[in-house]
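Only one structure is covered here, and it is reproduced in the block below.
The values are calculated or read from the model by the stated rules, or taken from the named source; none is laboratory data. Note that the coordinates shown come from a computational prediction; the quantities given were computed from them, not determined experimentally. FYI the Cβ positions are ideal-geometry reconstructions off the backbone, even for glycines, and counts take in every protein chain you see. Heavy atoms of the whole protein, side chains included, go into the accessibility calculation; ligands, DNA and RNA do not. Shrake-Rupley method; radii C 1.70, N 1.55, O 1.52, S 1.80 Å.
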Amino acid sequence: MKKELIVNKSKALIVILAGGQSRRFGGGYKTLYKLNNISILDRILQNFKKLKMEIVLNVNSNKDQFSKIGLYLIKDELENFQGPLAGIYSSMKWALKNRKNIEWIFTTPSDTPFIDSSLVNKFLKTKYFDETKIILAKSSNKIHPVIGLWHISLLKNLENFLTKENRKIMNWVDEQNYEILSFENKNYFFNINTQTDLAEAIKIEKSLKTL
């Protein structure tokens with residue numbers, strides 16, 4: 001019988017990935033845009049507050065603006081905005097150097113305003129197979145590879161993968177011991193890529209308030 005694994009909350013760190021260029025949004029930093037008078041990033045921080053876990057931010061530019069938020073900022077080790085895997089790798093490396101007790105990082109995009117602590121808690125309270133090193137979220141038959149737990153022992157493995165040209169997250173994940181965690185609430189995963197998405201998010205929030 002395989003041993004069970006439960007992720008120790010005290011050995012986990014939350015990383016909000018905001019290292020992209022927001023091109024589809026029209027440039028700038030979409031996570032700083034306001035949704036009903038509160039920025040998307042502030043919403044995520046408020047939603048995670050009750051977890052009482054350390055949160056750090058992966059960003060690649062405009063540090064002056066992000067530094068006002070009061071979180072540790074982690075810049076990609078790789079240049080030229082090379083995607084979420086670069087942010088995951090850089091965050092693992094930072095944790096290994098600066099947070100000796102950390103074994104896992106939990107990552108989330110910076111453009112998902114309805115993600116909240118209940119999703120993270122499900123990740124932390126679920127039992128997994130002992131050899132599992134990655135756990136990813138899934139909803140409506142779609143895997144969300146940026147929302148998940150990553151064991152920092154994978155750092156060197158990921159470093160080697162990043163030397164390849166193909167940097168799709170699932171191409172690397174498929175080479176590892178991973179599990180999928182399913183969720184029914186699809187609003188957790190609504191992400192804002194365009195101005196149209198921002199308008200849709202306002203509608204979603206109004207509908208949630210009427211429930």
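At a glance:
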{"quantity": "Residue satisfying all of: in region 37-77; without any contact (Cβ under 8 Å) to a residue 60 or more places away in the chain, of a type in the set (S, T, N, Q) and closer than 22 Å to residue 119 by Cβ; surrounded by the most Cβ atoms within 10 Å (Cβ to Cβ) among these", "calculated": "58"}
{"quantity": "Number of the condition not met by residue 126 [criteria: (1) open to solvent by 20 Å² or more (accessible area, probe 1.4 Å); (2) out of contact with any Lys or Arg (no Cβ under 8 Å at 6 or more places or on another chain); (3) within 19 Å of residue 91 (Cβ to Cβ)]", "calculated": "(3)"}
{"quantity": "Filtered residues of region 49-68 (kept if farther than 19 Å from residue 120 by Cβ and either at pLDDT 95 or above or not in a helix (DSSP H, G or I) (or both))", "calculated": "59, 60, 61, 62, 68"}
{"quantity": "Considering residues of region 34-48 that are part of a helix (DSSP H, G or I) and among the aliphatic types (A, V, I, L, M) only, the residue farthest from the chain's Cα centre (by Cα)", "calculated": "40"}
{"quantity": "Pair list, Cβ under 8 Å, 6 or more apart: region 81-101 residue closer than 15 Å to residue 16 by Cβ, other residue at pLDDT below 95 and among the hydroxyl-bearing types (Ser, Thr, Tyr)", "calculated": "94/72"}
{"quantity": "Condition broken by residue 183, with the remaining ones in (1) over 18 Å from residue 77 (Cα atoms); (2) open to solvent by less than 70 Å² (accessible area, probe 1.4 Å); (3) modelled with pLDDT under 95 satisfied", "calculated": "(3)"}
